[in-house]
Amino acid sequence: MFGPLMAHLRVGRDNGRPRTHPDAVRGDKAYSSRAIRGHLRDRGVTAIIPEPADQQGHRLSRGSRGGRPPAFNAETYKGRNVVERRFCHLKQWRGVATRYDKLAVTYRAAVVLNAVIAWTRHLSDMT
């Protein structure tokens with residue numbers, strides 16, 4: 001699931017085409033797999049993902065063969081709550097929260113529609 005998500009990612013900039021590789025990816029402990037970390041490392045993306053306690057234990061039990069712990073910046077990780085709060089707002093729509101749609105295109109359309117409505121509300125609140 002992570003690979004296709006990263007394939008659709010576009011990071012806008014002032015001039016030119018959007019970038020397809022972000023500077024960093026913030027994720028929770030569920031995204032701390034070897035495959036995801038390797039995928040990000042191969043593309044030069046910084047992984048700001050905490051290491052779960054069970055993975056720490058497995059690494060430590062291997063001794064010197066366990067390698068170094070992955071880098072983790074706790075201060076940068078604190079900004080992840082902005083995304084989590086947005087998902088909480090998104091899941092207020094029952095259709096999105098329960099995933100009634102059979103087609104991924106329809107589900108994505110509902111998510112985009114929700115984002116557009118939230119954005120227009122934000123713009124109207126600013127004026």
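Give the range of the longest stretch in the chain that excludes all trypsin sites (Lys or Arg not before Pro) found in loop regions by DSSP and having at most 12 other beta-carbon atoms within 10 Å.
14-42
State, to one decimal in nm, how far the label point of Ser61 lies from the label point of Leu113, with both points 7 Å from Cα in the Cβ direction.
Distance between label points: 4.9 nm.
Can you list residues whose amide H is under 5 Å from Thr46's amide H, if they're 5+ apart or on another chain and H is modeled 1.01 Å from N?
The answer is Ala24, Val25.
Hey, which lysines would be in cross-link range of Lys29, C-alpha to C-alpha under 16 Å, not counting anything within fewer than 8 residues on its own chain?
Straight-line reach from Lys29, under 16 Å: Lys78.
Taking the Cα centre of the chain as the origin and placing charges on Cβ (Lys, Arg +1; Asp, Glu -1), which of Ser33, Asn73, Leu103 is farthest toward the positive end of the dipole?
Farthest along the dipole direction, towards plus: Ser33.
To test your reading of the geometry: what angle, between 0 and 90 degrees and rounded to tens, separates the Cα axis of helix 81-90 from the longest principal axis of the chain?
40 degrees
Select one label from [x] 0.99; [y] 0.93; [z] 1.31: the one whose number is Cα Rg over 2.2 N^0.38 Å as derived from the coordinates shown.
Step by step, Cα Rg over 2.2 N^0.38 Å for this structure corresponds to label [z].
Got a sec? How would Glu51, Glu75, Glu84 order by Cβ neighbour count within 10 Å, fewest to most?
Glu75, Glu84, Glu51
Using unit Cβ charges (K, R positive; D, E negative) and no other charged atoms, how large, in debye to the nearest 20, is the dipole of the stretch 1-106 about its Cα centre?
On the way: 22 positive and 9 negative charges, 26 e Å.
With only Lys, Arg, Asp and Glu charged at Cβ, the dipole is about 120 debye.
Relative contact order for the chain: what percent, with Cα pairs under 8 Å and sequence separation of 6 or more?
Answer for the chain is 14 percent.
Out of Ser61, Gly16, Gln92, whose Cα points farthest toward the positive end of the dipole of the stretch 1-98 (charges: +1 Lys, Arg; -1 Asp, Glu; placed on Cβ)?
Gly16
What whole-number distance in Å separates the alpha-carbon centres of the stretch 83-100 and the stretch 4-45?
22 Å
Bear in mind these aren't lab numbers, they're just calculated from the coordinates by the rules spelled out. All values reported here derive from a predicted model rather than from experimental measurement. With ideal geometry, Cβ positions are generated from the backbone for all residues, glycine too; neighbour counts draw on all protein chains shown.
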